[in-house]
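Here is the structure we will look at.
Every number in this text was worked out from the coordinates using simple rules, so none of it is lab data. On a predicted model such as this, the values are computed, not experimentally measured, just so you know. Cβ coordinates were reconstructed from backbone atoms using ideal geometry, including for glycine residues, and neighbour counts include every protein chain displayed.
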Amino acid sequence: MGKKALDCYRKIKITTSSPAGRVVLVYGGIIKKLNEAILAFDDPSPSRMETINNAIQLAEKLIVELQVALDKENGGEIAERLDALYEFWLNHLSLANREKNRQKVIDVQKMVQELHESWAKIEKQSQNGAIEGGNE
């Protein structure tokens, strides 16, 4: 698939997704970037430092997008806890990038993966509920 077609597909997927679906997509993007950083630690070439840096920075931008999207006025304790978690991830990744510490990246990647799986289940259940509700 060509780059233009792939970009178009991604844009359609994002704009037509439910809010939970968009969260799942963003978590997936964070995981992808953190995996790129983790793999780059094994790259013997000097460009690995740039790859690690760029991947971590892109993951951080996605985390900030999640953080900005939190409804802190109406989200209550859940929004507060997610905000604190996102702040922890950002601080941990910043340290990981400065120190070029693979384990710190892995630590965050595992936490993101857990939330990604939980949100994916929620999204699937909401889709099934919408489908089942539409058949009544």
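Which of the residue pairs Lys32/Lys72; Lys33/Lys61; Lys61/Lys121; Lys72/Lys110; Lys32/Lys104; Lys33/Lys100 have a Cα-Cα distance greater than 18 Å in the structure shown?
Pairs exceeding the cut-off: Lys32/Lys72; Lys61/Lys121; Lys72/Lys110.
Remind me, relative contact order of the range 18-120 in percent, using alpha carbon pairs under 8 angstrom and six or more residues apart?
Across the range 18-120, relative contact order equals 38 percent.
Estimate the FRET efficiency between Asn101 and Asn128 by the formula 1/(1 + (r/R0)^6), using the beta-carbon distance for r and 41 Å for R0, to the nearest 0.05. Can you show the working numbers first?
Working: r = 41 Å, r/R0 = 0.99.
After rounding to 0.05, the efficiency reads 0.50.
Return the distance in nm (one decimal) between the two label points of a simple spin-label model at Asn35 and Arg48, each offset 7 Å from Cα along Cα→Cβ.
Roughly 1.9 nm, to one decimal.
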